[in-house]
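Working notes, beginning with the structure itself.
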Amino acid sequence: MSEIKVNNIQSLSGTNGPVVSGITTMASSGAMSLPRGDTAYRGGRGRGVFGGGSPGTQKTIDYITIQTLGNAQDFGDLVNLTQQYATCSSSTRGIFAGGEAPSVTNVIEYITISATGNSFDFGDLTQARRRTQSEGASDNIRGLFFGGYTGSAPSETTIDYITIASRGNASVFGDLTRETESGSACASPTRAIQFGGRSQPANNEFIDIQYVTIQTLGNALDFGDLTALGSGNSARRHATAALSSSTRGICAGGRQSPGDTNVIEYITIASLGDGIDFGDMQNATRYPTGTSNGVRGVIAGGTINPAATNTIEYITIATVGNTSDFGDLTAGRSELSGLSDSHGGLG
């Protein structure tokens with residue numbers, strides 16, 4: 001064993017101590033190595049976050065550790081938003097955009113996923129809109145928000161985008177193939193997928209799946225159709241949850257007028273094609289939300305007629321089958337939205 005004794009360390013000028021910057025490591029025969037890099041990136045990923053919801057003006061943010069089972073814990077509160085907003089995230093930062101606060105808003109807020117606490121102001125969407133819950137997707141750099149409803153005009157076709165690491169207002173990315181609100185979205189590191197939805201004020205439901213390439217700008221293109229419920233209007237639904245691995249996208253539950261559904265279907269994100277039956281949720285549920293750690297998908301909250309539920313369920317994305325019980329949210333909530341630091345868009 002060796003000892004190092006230091007009486008004084010000074011800079012070359014003798015006026016102050018040394019300044020150490022950059023990555024510093026130390027190794028010894030005792031197998032000691034100091035950690036490297038920003039603490040925000042040092043392991044520990046796998047946190048899922050769920051915020052806001054109805055009934056009422058709920059601002060609570062919950063969190064879970066996706067790879068384990070158990071009940072959600074309190075994370076903090078949204079500052080302005082309450083429900084019907086979109087979310088996206090990088091490996092470090094979670095974003096909440098639009099929705100109600102309690103009236104329709106263009107506000108964007110953010111959190112640091114590895115920490116706990118209340119949200120902070122990020123910027124604004126290009127316009128105020130709500131009913132965008134589950135309508136956000138991202139890679140590790142760029143976040144996208146699809147459609148929405150201003151409250152007095154037909155549903156929107158606009159796709160907005162932000163750079164997640166930089167606070168500021170959203171810019172226009174392009175347009176969906178048709179106006180929509182209350183659909184859902186997920187992503188691989190390359191593509192963002194948008195499922196179903198409906199238009200207002202006509203309340204027409206949609207069958208189609210759309211996609212964009214996240215790091216380009218432009219309009220959405222047709223991917224295929226939701227089909228696990230059959231053909232025609234029976235396959236059209238809104239108020240669904242979406243989640244993904246880096247290769248497979250999942251669409252679960254939702255409103256299938258005149259009732260709700262428990263059906264889960266999946267797509268292969270890199271290809272084009274229709275949805276394929278995956279399995280079932282425990283109950284027919286509308287307005288749930290979903291997120292993942294890339295391996296396990298979790299589906300939380302929603303309305304199991306007639307009340308909001310606190311249920312969290314999970315699936316293994318690479319297999320097919322029904323959901324299993326994960327735990328509970330801190331309260332029953334519908335029209336909430338979820339995100340994670342390790343979803344399919346992050347690779």
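General remarks:
Yes/no per residue for (1) in contact (Cβ under 8 Å) with a residue 24 or more places away in the chain; (2) touching a strand residue (DSSP E or B) at 6+ places or on another chain (Cβ under 8 Å); (3) under 19 Å from Arg47 (Cα atoms):
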{"position": "Val263", "(1), (2), (3)": "yes, yes, no"}
{"position": "Tyr287", "(1), (2), (3)": "yes, yes, no"}
{"position": "Gly290", "(1), (2), (3)": "yes, yes, yes"}
{"position": "Val295", "(1), (2), (3)": "yes, yes, yes"}
{"position": "Gly302", "(1), (2), (3)": "yes, yes, no"}
{"position": "Ala307", "(1), (2), (3)": "yes, no, no"}
{"position": "Glu313", "(1), (2), (3)": "yes, yes, yes"}
{"position": "Gly345", "(1), (2), (3)": "yes, yes, yes"}
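- Boolean, Ser340 is of a type outside the set (Asp, Glu), more than 26 Å from Asp222 (Cα to Cα) and touching a helix residue (DSSP H, G or I) at 6+ places or on another chain (Cβ under 9 Å): yes
- Among the conditions (1) more than 22 Å from Gln210 (Cβ to Cβ); (2) among the hydrophobic types (A, V, I, L, M, F, W, C); (3) buried (at least 16 other Cβ atoms within 10 Å of the Cβ), the only one that Ile317 does not satisfy is (1).
- Test result for Thr285, under 19 Å from the mean Cα position of the chain (by Cα) and within 20 Å of Asn71 (Cα to Cα): yes
- Of all residues in segment 230-237, at least one satisfies being in a helix (DSSP H, G or I), hydrophobic (A, V, I, L, M, F, W, C), at pLDDT below 85 and within 16 Å of Asp280 (Cα to Cα).
- Within segment 125-158, the residues that satisfy the criterion of being assigned to a loop (DSSP other than H, G, I, E, B) and in contact with a helix residue (DSSP H, G or I) (Cβ under 9 Å, 6 or more places away or on another chain) are Asp139, Asn140.
- Filter result for the condition that a residue is surrounded by fewer than 23 Cβ atoms within 10 Å (Cβ to Cβ) and either part of a strand (DSSP E or B) or touching a Cys at 6+ places or on another chain (Cβ under 7 Å) (or both), over Gly279, Gly290: Gly279
- Any hit, segment 297-304, residues being under 21 Å from Glu205 (Cα atoms), surrounded by 23 or more Cβ atoms within 10 Å (Cβ to Cβ) and polar (S, T, N, Q): yes
- Test result for Ser114, without any contact (Cβ under 8 Å) to a residue 12 or more places away in the chain and either polar (S, T, N, Q) or within 18 Å of Gly301 (Cβ to Cβ) (or both): no
- Residues that are small (Gly, Ala, Ser), surrounded by 24 or more Cβ atoms within 10 Å (Cβ to Cβ) and modelled with pLDDT under 95, drawn from segment 140-155: Gly147, Gly148, Ser155
- Some residue of segment 29-46 being surrounded by fewer than 22 Cβ atoms within 10 Å (Cβ to Cβ), at pLDDT 95 or above, among the hydroxyl-bearing types (Ser, Thr, Tyr) and part of a loop (DSSP other than H, G, I, E, B): no
- Any chance Gly174 is in a strand (DSSP E or B) and either at positive phi or surrounded by fewer than 20 Cβ atoms within 10 Å (Cβ to Cβ) (or both): yes
- Restricting attention to segment 213-229 and to residues that are at pLDDT 95 or above and touching a Lys or Arg at 6+ places or on another chain (Cβ under 8 Å), the residue that is surrounded by the most Cβ atoms within 10 Å (Cβ to Cβ) turns out to be Ile214.
- Residue, nearest to Ala239 (Cα to Cα), within segment 109-139, restricted to residues that are over 14 Å from the mean Cα position of the chain (by Cα) and surrounded by 21 or more Cβ atoms within 10 Å (Cβ to Cβ): Arg131
- Scanning segment 57-72 for residues that are touching a residue at least 24 places away in the same chain (Cβ under 8 Å) and farther than 20 Å from Ser244 by Cβ gives Thr57, Gln58, Thr60, Ile61, Asp62, Leu69, Gly70, Asn71, Ala72.
The values are calculated or read from the model by the stated rules, or taken from the named source; none is laboratory data. Computed from a prediction, not measured in an experiment: that's the story for all the values here. Backbone-built Cβ (ideal geometry, glycine too); neighbour counts: all protein chains shown.
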